[in-house]
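No lab work stands behind these numbers, since they all come straight from the coordinates. What you see is a predicted model, and the numbers here were worked out from it, not measured in a lab. Backbone-built Cβ (ideal geometry, glycine too); neighbour counts: all protein chains shown.
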Amino acid sequence: MRSIICFVSFLLIAGQSLALTIDVGGTLGNVAASDFLNVTDTYLLSDCQTQCTNATDTINNCGTSDQCLCGPSTVIAITSCQQCMFNDLVTKFAKSSDPRAGSATAPTAYAAACLASANVTIPASFIALAPPSNWDGPFGVHLGVPETILGVTAAALLSGGSLLLLSNL
């Protein structure tokens, strides 16, 4: 009986090490490498069909080889798909509910899984997502001169009134 339990335990442990699993977080938790790019936002997959199909084919060709799944060509293909989805989300000014879709955390989780499972360190430059060329970036809302004068005056009156009130207590 003990040998059967040991054998089953060995199979379970061996089965875990045969396929790379990525902790993407959120409601998804751990996903297999073969499901890493199966995002729920179908419009992203259709807009990025070329890049994501190439990445999915590369992952599927690796099978259960962690060394192949963590190899440069596979990681670059995955990052290309993620970059396309990120660009698409920025262009559409959208946010995806799927943590695997065009986010910087997805390739980072993939790299962490490669380090943990295959002892392969993926350089940050391989998984970095760059802002798209049409991104105008965050911008500050600046006040004009009249609004600034009004704001400073209101703040001075309120703070002066508060100090007067507190000093009379």
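Rounded to whole Å, give me the distance from the Cα center of the range 100-169 to that of the range 24-86.
28
For the pair residue 125/residue 164, report the inter-label distance in nm, with labels modelled 7 Å from Cα in the Cβ direction.
6.4
Provide the FRET efficiency to the nearest 0.05 for the residue 32-residue 143 pair, computing r from the beta carbons and using R0 = 41 Å.
The formula returns an efficiency of 0.20 here.
Would you order 126, 86 from fewest to most other beta-carbon atoms within 10 Å of each residue's own beta-carbon?
126, 86
Convert each backbone phi in the range 85-102 into a coupling constant with the Karplus relation 6.51 cos²θ - 1.76 cosθ + 1.60 (shift: θ = phi - 60°), then list the ³J(HN,Hα) values in order as whole Hz, x for Gly and Pro.
5, 4, 4, 5, 5, 5, 4, 8, 6, 10, 10, 8, 7, 8, x, 8, 9, x
Please give the calculated 222 nm ellipticity per residue for the chain, where each DSSP H segment of at least 4 residues contributes -39500 (n - 2.57) and the sum is spread over every residue; nearest 500 deg cm²/dmol? Spell out each step's value before the answer.
On the way: 8 runs with 102 residues, N = 169.
So the calculated ellipticity at 222 nm is -19000 deg cm²/dmol.
Assuming 1.567 mPa s and 4 °C, estimate D for the chain with Stokes-Einstein, Rh taken as the Kirkwood radius over Cα pairs, in µm²/s.
On the way: Rh = 19.4 Å.
In µm²/s, the coefficient is 67.
For the range 148-162, in order, what is each residue's ³J(HN,Hα) by Karplus, 6.51 cos²θ - 1.76 cosθ + 1.60 with θ = phi - 60°, in whole Hz (x at glycine and Pro)?
In residue order, the calculated couplings are 5, 4, 5, x, 5, 4, 5, 5, 5, 5, 5, 5, x, x, 5 Hz.
The range 33-127: D in µm²/s via Stokes-Einstein (Kirkwood Rh, Cα pairs, 20 °C, 1.002 mPa s)? Walk me through the intermediate numbers first.
Working: Rh = 13.2 Å.
Once the numbers are plugged in, D ends up at 163 µm²/s.
Quick one: compute the contact order of the range 33-127, relative version, from alpha carbon pairs under 8 angstrom and 6+ residues apart, as a percent. Could you put the intermediate results ahead of the total?
Values: 104 pairs, mean separation 29.8, N = 95.
With pairs under 8 Å counted, the relative contact order is 31 percent.
Which of 169, 157, 20 comes first, and how do the rest follow, when ranked by fewest Cβ neighbours within 10 Å?
Values: 169 4, 157 10, 20 27.
Listing 169, 157, 20 from fewest to most nearby Cβ atoms yields 169, 157, 20.
Which order do 39, 90, 152 fall in if you start with the one that has the fewest other Cβ atoms within 10 Å?
On the way: 39 23, 90 15, 152 11.
So the ranking, lowest neighbour count to highest, is 152, 90, 39.
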